[in-house]
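Step one of this worksheet: look at the structure below.
The values are calculated or read from the model by the stated rules, or taken from the named source; none is laboratory data. Quick caveat, the model's predicted, so the values are computed rather than measured. Positions of Cβ are generated from backbone atoms using ideal geometry, with glycine treated the same way; all protein chains shown enter the neighbour counts.
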Amino acid sequence: MNERLKITIIQSELHWENAEANRAMFSEKIQNIEGETDLIILPEMFSTGFSMNAEKLAEPNDGETLNWMVSEAQKKNCAITGSVIISENGNYYNRLFFIFPDGNYKKYDKKHTFTLAKENETYKAGTKRLIVDYKGWKLCPLVCYDLRFPVWARNTEDYDVLIYVANWPKTRIVAWDTLLRARAIENMAYCIGVNRIGLDGNDHEYIGHSTVYDVLGKQMSITSFEKEFTETVILEKKHIENNRKHLQFLKDRDAFTLT
């Protein structure tokens with residue numbers, strides 16, 4: 001079990017609906033990460049941008065982007081996560097992959113499809129939450145709009161880290177900042193949000209604000225919010241254990257079952 005976990009967040013512009021260009025861009029950014037890391041986190045739909053053009057852009061589950069993620073994870077000897085447009089059994093999914101260093105992977109289909117952008121009319125919603133066991137840490141990766149639904153993220157499994165990958169626009173960035181911090185505090189877990197910057201093909205503007213919060217809601221990442229950056233942050237198991245022992249708020253949580 002690792003007492004420390006190195007998390008690298010990559011905030012970047014995206015090439016609209018151009019998977020090849022995005023893969024090449026992220027390959028360069030990953031190659032330039034200094035030193036070792038345990039997990040690299042990319043934005044939502046990092047290979048295309050947040051597009052409803054699934055018929056044109058969707059890949060099979062074992063398509064080029066998944067294979068690229070596997071290759072990058074193996075080369076860097078770390079895990080990689082981010083979401084991709086996937087076609088499977090006649091449906092489209094906004095699917096997050098969590099790739100382990102050995103190339104094995106787990107997947108999570110975005111539960112809350114973004115009705116304001118009619119994502120629900122293109123993509124089929126997932127039904128199961130994913131908890132990843134990695135190096136002695138329990139991680140809960142979610143996608144963008146899921147952030148607005150605290151019940152879905154509620155820490156009933158005593159996970160250590162909550163991760164959101166996103167294309168969250170500038171117009172509602174206050175909600176992004178506020179809810180990420182709230183999810184960390186209420187779940188007594190590290191909470192990481194990785195967003196994109198720049199304009200997409202629909203002229204929606206994104207200003208990033210990718211960051212890491214500790215279990216008390218203190219911001220840990222130090223890079224300027226609204227530019228391209230790559231930053232590695234070290235998470236400490238003792239920080240979680242000491243605060244949960246001293247502040248036993250999770251013991252008072254409500255018991256419920258998700259159906």
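Within segment 144-183, the residues that satisfy the criterion of being among the polar types (S, T, N, Q) and touching a Lys or Arg at 6+ places or on another chain (Cβ under 8 Å) are Asn155, Thr156, Asn167.
When the test is whether a residue is more than 17 Å from the chain's Cα centre (by Cα) and loosely packed, with under 13 Cβ neighbours inside 10 Å, Glu205 passes it. Among the criteria (1) over 30 Å from Asn91 (Cα atoms); (2) out of contact with any Phe, Trp or Tyr (no Cβ under 6 Å at 6 or more places or on another chain), the one His204 does not fulfil is (1). Scanning segment 173-230 for residues that are of a type in the set (Lys, Arg), closer than 16 Å to Val161 by Cβ and touching a residue at least 40 places away in the same chain (Cβ under 8 Å) returns no hits. Tell me the residue from Leu235, Leu216, Leu199 that is surrounded by 18 or more Cβ atoms within 10 Å (Cβ to Cβ) and either farther than 23 Å from Ile40 by Cα or of a type in the set (A, V, I, L, M, F, W, C) (or both), please. Unique residue meeting the criteria: Leu235. Residues that are of a type outside the set (Ser, Thr, Tyr), assigned to a strand (DSSP E or B) and under 15 Å from Tyr206 (Cα atoms) occur at least once in segment 152-165.
Summed over segment 79-94, the residues that are under 18 Å from Ile192 (Cα atoms) and either surrounded by fewer than 23 Cβ atoms within 10 Å (Cβ to Cβ) or not hydrophobic (A, V, I, L, M, F, W, C) (or both) give a count of 3. Looking at Tyr123, Tyr145, Tyr190, just one residue is crowded, with 22+ Cβ neighbours inside 10 Å, over 17 Å from the mean Cα position of the chain (by Cα) and at pLDDT 95 or above, and that residue is Tyr123. Of all the residues in segment 34-59, those that are buried (at least 20 other Cβ atoms within 10 Å of the Cβ) and at positive phi number 2.
So which residues in segment 116-137 are in contact with a Cys (Cβ under 8 Å, 6 or more places away or on another chain) and either part of a loop (DSSP other than H, G, I, E, B) or among the hydroxyl-bearing types (Ser, Thr, Tyr) (or both)? Explain how you work it out, then say what you get.
The first filter runs over segment 116-137 and keeps only residues in contact with a Cys (Cβ under 8 Å, 6 or more places away or on another chain), leaving 129-132.
Arg129, Leu130, Ile131 - these are the residues of segment 116-137 that are in contact with a Cys (Cβ under 8 Å, 6 or more places away or on another chain) and either part of a loop (DSSP other than H, G, I, E, B) or among the hydroxyl-bearing types (Ser, Thr, Tyr) (or both).
Inclusion of Ala255 among residues that are modelled with pLDDT of 95 or more and aliphatic (A, V, I, L, M) is not warranted. Being within 23 Å of Asn104 (Cβ to Cβ), of a type outside the set (S, T, N, Q) and surrounded by fewer than 16 Cβ atoms within 10 Å (Cβ to Cβ) is a property that Asp62 has.
Among the residues of segment 166-181, count how many are among the hydrophobic types (A, V, I, L, M, F, W, C) and either closer than 22 Å to Ser47 by Cβ or part of a strand (DSSP E or B) (or both). Steps first, answer last, please.
Just the residues of segment 166-181 that are among the hydrophobic types (A, V, I, L, M, F, W, C), to begin with: 166, 168, 173-176, 179-180.
In the following step, the residues that additionally are either closer than 22 Å to Ser47 by Cβ or part of a strand (DSSP E or B) (or both) were identified as 166, 168, 176.
Residues flagged as among the hydrophobic types (A, V, I, L, M, F, W, C) and either closer than 22 Å to Ser47 by Cβ or part of a strand (DSSP E or B) (or both) within segment 166-181 amount to 3.
Within segment 1-33, the set of residues being surrounded by fewer than 20 Cβ atoms within 10 Å (Cβ to Cβ) and in a loop (DSSP other than H, G, I, E, B) comprises Met1, Asn2, Glu3, Glu13, His15, Trp16, Glu17, Asn18, Asn32, Ile33.
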